[in-house]
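For reference, the structure is listed below as C-alpha cells.
The values are calculated or read from the model by the stated rules, or taken from the named source; none is laboratory data. Model, not experiment: these values are computed from the prediction. No Cβ is skipped: glycine too gets one built from the backbone with ideal geometry, and neighbour counts run over all protein chains shown. For accessibility, only protein heavy atoms count, side chains too; no ligands or nucleic acids. Shrake-Rupley method; radii C 1.70, N 1.55, O 1.52, S 1.80 Å.
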Amino acid sequence: MDILNNRSSVSEFILVGLSTSQETQIFFFAIFFLVYVTIIVGNLLIVISVIVDNHLHSPMYFLLANLSFFDLCISSATTPKVMSDFLRKHKTISWWGCMTQMFFMHFFGGGEMSLLIAMAIDRYVAICKPLHYKTIMSHRVLIGFLLLSWVIGLIHSTSQMVFTVNLPFCGPNVLDSFFCDLPLVIKLACTDTYTLELLVIVNSGLLSLICFILLLISYAVMLVTIWQHSSSASSKALSTLSAHITVVTLSFGPAIFIYAFPFNSYSVDKFLSVFYSIITPLLNPIIYTL
C-alpha cells in the first residue's frame, strides 16, 4: 500500500509524556483517572437528564446535551491512552493509532466549536427576539445545527488528515507530548511541510480565532440588550449568558494558542494540551449545571 510505503521505517511514535519520575506518573494517573470518571459521569448525567426530563426538552438543553456528548468523545479520544501510559515505562503509540487519535480529536473538536456557535445563535434569538424564539428555533433548525456540526467536524479533520497520512516518516519518531498532536507529528515528516503547516494554521488556528471573535461580538450585543431590560428574566438570561461566555473562552482559548502559532521553535505547551483535552470537558458540565 502507498501509505505504508510512505511512512517507511516508522511504525510507531514515542511519547515523552508529562514526567519521567515513576512516583509522579502514579500521581498523574490517579488525578487523570478521577478527572476522567468525573467527565464521564457529569456529561452522561446531562445527556440522560435532557432525554428523560420533559422540562428540559427545549432548544438550549438539546444543544447542551449534544455539547456534553462531544466533550465525552474528545476526552475519550486521548485520556484512556494517556492513563495507560502513566503505568508504562516505554510510552509508544502505533502509526495508525496516532493518526486515528488525531482524526477524532479534530473531528469532535471541530464539531464542538460549531455547536458552540449554534448555542450562541440560540441565546441570541432567545434574548434579542424572544417573541419569535419558538418559531425560529424549531425542531428542524436544531437538527440542521446538529448535522452541520458533524459535517463541519468531518471536513475540518479530513482536510488535514488526508495530507498527514501520506507524509513520509523515516527518521525521528519522538513526540514531546503525552498524545499525538498534529503540529508535532507534522514536524517529524521527512519532507517539506510548509504548505501543510499553513493549512493547519488556517484550518485550526485562524478558524478558531475568527469564530471566537465573532462569538464575543455576538455575546456583547446580547449583553447590551440585557442591560437595557432590568427584570428577573434579564437576570436569568445574564446568568445563562455568563456560563456560555465562560465555556466558549475555555474551549477556544487553548485551541487558538496551540494551533494559531504551532510551528515556533518551542514545543506545544503541555499545560494547554491538558487543559483542552481534559480540563475543558470537565468544566463544561460543572459551569452549565451551576
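Things to note:
- Note that the range 220-228 has calculated 3J(HN,Hα) couplings of 5, 4, 5, 5, 4, 4, 5, 5, 7 Hz, one per residue in order, obtained from phi through the Karplus relation 6.51 cos²θ - 1.76 cosθ + 1.60 (θ = phi - 60°); glycine and proline are x.
- Within a straight-line Cα-Cα reach of under 14 Å, Lys134 can be paired with the following aspartates and glutamates, leaving aside sequence neighbours fewer than 8 residues apart in one chain: Asp122.
- Sequence-distant aspartates and glutamates (8 or more away, or on other chains) whose Cα lies within less than 17 Å of Lys81: Glu12, Asp71, Asp176, Asp181
- For the range 12-289, averaging the sequence separation of C-alpha pairs within contact (under 8 Å, six or more residues apart) and dividing by the residue count gives a relative contact order of 25 percent.
- Take the Cα of Ser21, step 7 Å toward its Cβ, do the same at Ser138, and the gap between the two points is 6.1 nm.
- If you take the Cα centroid of the range 78-118 and the Cα centroid of the range 132-190, the two points sit 11 Å apart.
- Selection from Phe257, Phe103, Thr280 lying farthest towards where the dipole of the chain points positive, charges on Cβ: Thr280
- For the chain, the solvent-accessible area with a 1.4 angstrom probe is 49 square angstrom per residue.
- Taking Lys and Arg as +1 and Asp and Glu as -1, the other residues whose beta-carbon sits under 13 Å from that of Val47 total -2.
- For Lys89, the aspartates and glutamates whose Cα falls under 13 Å of its own Cα, not counting residues fewer than eight places away in the same chain, are Glu23.
- 0 to 90° range, to nearest 10: angle between helix 59-86 axis and the chain longest Cα axis: 20 degrees
- Accessible-area composition of the range 12-289, carbon plus sulfur, in percent [1.4 Å probe]: 72 percent
- When the Cα atoms of the range 12-289 are aligned to their principal axes, the ranges along those axes come out at 62, 41, 30 Å in descending order.
- Counting only alpha carbon atoms, the long axis of helix 232-260 and the longest principal axis of the chain meet at about 20°.
- Between helix 22-52 and the chain there is an angle of about 40 degrees, using the helix long axis and the longest principal axis of the Cα atoms.
- Karplus-derived 3J(HN,Hα) values for the range 138-149, using 6.51 cos²θ - 1.76 cosθ + 1.60 with θ = phi - 60°, are 7, 4, 5, 5, 4, 4, x, 4, 5, 4, 5, 4 Hz; glycine and proline are entered as x.
- Note: relative contact order over the range 165-233, using C-alpha pairs below 8 Å and six or more positions apart, is 24 percent.
- Candidates Phe29, Phe70, Ser49 compared by Cα position along the dipole of the range 1-90: farthest toward the positive end lies Phe29, with charges placed on Cβ.
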